[in-house]
Structure formats: structure tokens, C-alpha cells
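Chemist: Take this structure first; my questions come after.
The values are calculated or read from the model by the stated rules, or taken from the named source; none is laboratory data. Note that the structure is predicted; figures quoted are calculated from it, not measured. Methodologically, a virtual Cβ is constructed for each residue, glycine included, from the backbone with ideal geometry; neighbour enumeration extends over all protein chains shown. The accessibility values were calculated without ligands, DNA or RNA, using every heavy atom of the protein model including side chains. Shrake-Rupley method; radii C 1.70, N 1.55, O 1.52, S 1.80 Å.
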Amino acid sequence: MSTAAAGWLPALAVAAGGALGSLLRWRIAAWLNPHFQPFALGTLGVNCVGGLLIGLCLVAVLALVVAPQP
């Protein structure tokens, strides 16, 4: 694989993850929001779970990158 093509792989991975994440967020919120009519509880729930997952991913990445040296 060429260097130019390898540079696009992370961007494509981020774009694919963003597309999948936004579709899932939309679908889950559209499914839950009608059940909690006065308040968009589905949107709030999806945002809280998403924030938790991003935080867990950040902790995992930092543990790998900034791991203490023996």
C-alpha cells in the first residue's frame, strides 16, 4: 500500500464510525422519544451512553499510549 493511500485509512475509519454512530443515534432516539413524549429522553439517554463510551475509549487509549514504563 502506498504512503498516500495509507494516510487516508484513518480518515475513512473516522468517517465510517461517524456515519454508523449518527445513524444508530438517530434510530434509537426515534424509537425511544415517542414513549417519553414531554421530554426527549431517548436523545438524553443516547448522549449519556455515547459520552460514557467515548470516555472509556479515551481511558483505554491513554492506558496503552501513556503506560508506565517498568
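Chemist: From ALA19, ALA29, ALA40, ALA13, grab the single residue that is in contact with a Ser or Thr (Cβ under 6 Å, 6 or more places away or on another chain) and not β-branched (Val, Ile, Thr).
Modeler: ALA29
Chemist: Taking the range 19-70 as the region of interest, how many residues are open to solvent by 70 Å² or more (accessible area, probe 1.4 Å) and in a loop (DSSP other than H, G, I, E, B)?
Modeler: 7
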